[in-house]
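The values are calculated or read from the model by the stated rules, or taken from the named source; none is laboratory data. Owing to the predicted nature of the structure, the values given are computational and were not obtained by experimental measurement. Note that each Cβ is placed from the backbone with ideal geometry, even for glycine, and that neighbours are counted across all protein chains shown. We work out accessible area using only protein heavy atoms, side chains counted, and drop any ligands, DNA or RNA first. Shrake-Rupley method; radii C 1.70, N 1.55, O 1.52, S 1.80 Å.
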Amino acid sequence: MELRTLGRTDIKVSALCLGTMTYGEQNTEAEGHAQMDYALEKGINFFDTAELYAIPPKKETQGRTERIIGTWFQKTGNRDKVVLATKVVGRTGMDWFREHGKGASLTRAEIEFAVDRSLKNLQTDYIDLYQIHWPDRNMSNFGANPARWSPPELHEDENSIESTLEVMADLVKSGKVRHIGISNESSWGTMRYVAASEHLGLPRVASIQNTYNLVNRTFETGLAEIAQRENVGLLGYSALAQGYLTGKYRNGAMPAGSRKVLFDRLQRYEHPRSIEAYDAYFNLADEAGLDPAQMAIAFAKSRDFMTSVILGATRMDQLENDIAAADLTLSSDVLEKIDAIHQEFGNTAP
């Protein structure tokens, strides 16, 4: 498994990262443990989770994923073999994250509460990469991109990027956190984080976790240059477009136990042009004799700005197939044809 440097840190992470958001909802504790065993065996040393998980978010399952990882650490003693990433939620109206029952935002008290709870859940005394799951400020996100940009409504009590970095700096000083990252962030926000760290002598963000896949390459506009020039590498999520790029929903199929059937939360990837784009990529995979999921993962892994591609699976055979993409290098011919399809369809699921 190829190892890549995480930002400007001295940490080496595997080019594929194990995503864990299904643990505690679609996957049992035993299944989560088996996935972590297998991923480590195959050379994946990077696990990603969040205080939000399991998905879909709800009070009954919040924190369950971290607790499953924690019991695996306790059982196996493998904490020192894993680069562990988790996240604190940004501003949200979901009222079960904090003890006051009033939603959450990125105040000092709430970040400190969140990190201490995550450490307890994970049964560890440090987090290698602590990420802001989404911004405190009001912005377009999670596929809700407007057709035309307009100034967002500002929160009167918005917590600034500078104040968030100050809290993170204290977490680093305390030893609870080694490095910090951002997620679901914009070009403007990323550069504000970089500038604030330089001007105020605060910790530098090592990574940005945003969506990146064949039908959403919006990261390439603005953020890719920042990632490369500022060494804020991408941790790409939804490389398989929430399963659509595997082909399992092809021709209207609805496999039992799939996220679409269970939760019907895949609308971000169901625009009419997206379905046409999927078919074009499937036809290319068929023509090249490639598994479509492996082609999609290998494409994401091949990007110069990509630090690690986050994989998520509910079944072991899915995970095995996805991890096998680590050994796949796409030919120049396939890459040119992928770009041609992208030129025709564009970012159909931003």
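Some values worked out for this structure:
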item	result
Exposed-site-free run, longest, the chain (rule: chymotrypsin sites (Phe, Trp or Tyr not before Pro); DSSP loop; at most 10 other C-beta within 10 Å)	150-350
Modelled label reach - Asp116, point 7 Å along Cα→Cβ, region 162-196 residues with backbone N closer than 20 Å	164-178
Value at 222 nm in deg cm²/dmol, rounded to 500, when DSSP H runs of n ≥ 4 in the chain each add -39,500 (n - 2.57)	-11500 deg cm²/dmol
Within straight-line cross-link reach of Lys176, lysines at Cα separation under 23 Å, skipping those fewer than 8 residues along the same chain	Lys12, Lys75, Lys81, Lys87, Lys120
Bins of 10 Å, starting at 0 and running to the largest distance - Cα pair percent for the chain	5, 26, 36, 25, 8, 0
Rounded accessible area of His271 (nearest 10 Å², 1.4 Å probe)	80
Computed accessible area, Lys12, all protein chains, 1.4 angstrom probe, square angstrom	110
Cα-centred dipole magnitude for the chain, charges only on beta-carbon of K, R (+1) and D, E (-1), debye, nearest 20	500
Amide H contacts under 5 Å for Ser207, placed H, 5+ residues apart	Ile182
Longest DSSP-loop-exposure-free segment, GluC sites (Glu not before Pro), the chain, at most 10 other Cβ within 10 Å	157-350
Inter-label distance, nm, simple model (7 Å from Cα along the C-beta direction), Thr71/Lys42	2.3
Accessible area per residue, Å², the chain with all protein chains present, probe 1.4 Å	43
Partners for Lys337 among aspartates and glutamates (Cα-Cα distance below 12 Å; same-chain residues under 8 apart left out)	Glu287
Summed side-chain charge close to Leu328 - residues other than Leu328 whose Cβ falls under 15 Å, Lys, Arg +1, Asp, Glu -1	-3
Solvent-accessible ranking of Asp128, Asp264, largest area first, probe 1.4 Å	Asp264, Asp128
Accessible area of region 218-293 belonging to carbon and sulfur atoms, whole % at 1.4 Å probe	48
Contour minus Cα-Cα distance for His100 and Glu156 (0.36 nm per residue)	18.2 nm
Centroid-to-centroid separation of region 59-73 and region 288-314 [C-alpha atoms, Å]	27
Rounded percent of accessible protein surface that carbon and sulfur make up, region 1-79, 1.4 Å probe	47
Gyration tensor (alpha-carbon) shape descriptor, region 7-92, a/c threshold 1.5	oblate
Which of Arg98, Arg259, Arg178 is most accessible, then next, and so on - probe 1.4 Å	Arg178, Arg259, Arg98
Degrees separating the helix 292-301 axis from the principal Cα axis of the chain, which is the longest one	50
Residue-level accessible surface for Ser331, protein heavy atoms, 1.4 Å, Å²	60
Potential lengthening between Asp327 and Asp264 on full extension [0.36 nm per residue; Cα-Cα distance subtracted]	19.4 nm
